[in-house]
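Some notes on the structure that comes next.
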Amino acid sequence: MLAGISRQLDSPAALKPGDVMNTAAGHVLMFVRWLDAGKKRALFYEAAPYSKTRATERDVAELAAAGFVPLRYRRIKD
């Protein structure tokens with residue numbers, strides 16, 4: 001469903017709050033903010049067991065290597 005309502009960003013470095021990183025398997029991480037000036041580590045929200053949400057710090061290069069792609073909702077206006 002995300003493919004129909006969002007567009008892929010050129011790079012994870014283009015992520016802004018509210019964008020997501022998604023895998024073909026359907027796991028979604030919502031981008032919150034960058035944790036460093038080099039845009040290598042970021043804070044994300046993701047689903048956790050028992051209908052909970054957790055904040056996780058992730059290395060963006062590792063996410064990309066694992067198949068995650070950066071997406072932005074098509075109707076967002078800057």
### Query
Sorted by mean Cβ packing within 10 Å, highest first, what order do the peptides 55-61, 68-74 take?
68-74, 55-61
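Lys and Arg at +1, Asp and Glu at -1: add these up for the other residues within a Cβ distance under 13 Å of residue 72 and post the number. Write down the numbers at each step before the final one.
Values: positive: 7, 16, 74, 75, 77; negative: 10, 19, 78.
For residues surrounding residue 72, the net value is +2.
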### Query
Taking the alpha-carbon set of the chain, what are its Rg and Dmax in Å?
12.0, 35
### Message
To make sure I understand the rule: partners must be lysines, Cα under 17 Å from the Cα of residue 40, and not fewer than 8 residues away in the same chain. Which ones qualify?
### Response
16
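Any read-out appearing in this document is the output of simple, stated calculations on the displayed coordinates, not a laboratory observation. If you're wondering where the values come from, they're calculated on a predicted model, not measured in any experiment. Using ideal geometry, Cβ is built from the backbone for each residue, glycine included, and neighbour counts are taken over all protein chains shown.
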